[in-house]
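Report on the structure given below.
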Amino acid sequence: MDAELYALAGKVGDALKARKLMLATAESCTGGWVGQAVTMVPGSSHWFDRGFVTYTNDAKREMLGVHAATLKKFGAVSERTVREMVKGALSHSKAHVALAVSGIAGPDGGSPGKPVGTVCLAWGKKKGPPPRSAVHHYAGDRDAVRRQSVIDALEGVLVLLEVT
């Protein structure tokens, strides 16, 4: 077990549970790792509704309603796409809060504009302002990029919930 991820997921769970909120995840490059981290925590069924693993563009469109035009114009790894993934996760679940992750974990697949290590994340609430998003550029191998993405995705939930 990864003690750091377990502790962070537990903190997210405590914050959600205290607010009587449920979480949904929409993951691409992390392949369900955020969902795995939160379900390590006993009692996570009280605050984790479901996770969507949408690795392909087809999955993003079919499961989350990401617009084909968004994917064509901005690509799967874009702030626009992860914001649409959050909206889709919220509309296709009973969750009140959602996060999304899409990136290029490597070792290949990068480009000059989006090098390996580029990861887009987004967070939003069902009743709230439009989702906020961020782009990160992580160093390291595939596992390191994915792990840091999971950490930042979970930390972003705490920011969204204004937990200090």
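Rule-based calculations on the coordinates, nothing more; no lab input. All figures in this text were calculated on a predicted structure; none of them were measured in a lab. Heads up, the Cβs are rebuilt from the backbone with ideal geometry, glycines too, and the neighbour counts pull from every protein chain shown.
So which residues in the range 1-53 are within 17 Å of the chain's Cα centre (by Cα) and of a type in the set (D, E, K, R), if there are any at all?
Result: K11, E27, D49, R50.
Looking only at residues in the range 121-148 that are assigned to a helix (DSSP H, G or I) and touching a helix residue (DSSP H, G or I) at 6+ places or on another chain (Cβ under 8 Å), which one is farthest from S102 (Cα to Cα)?
Filtering the range 121-148 for residues that are assigned to a helix (DSSP H, G or I) and touching a helix residue (DSSP H, G or I) at 6+ places or on another chain (Cβ under 8 Å), the one farthest from S102 (Cα to Cα) comes out as R147.
If you scan the range 104-119, which residues turn out to be touching a residue at least 12 places away in the same chain (Cβ under 8 Å), out of contact with any helix residue (DSSP H, G or I) (no Cβ under 6 Å at 6 or more places or on another chain) and of a type in the set (G, A, S)?
Matches in the range 104-119: none.
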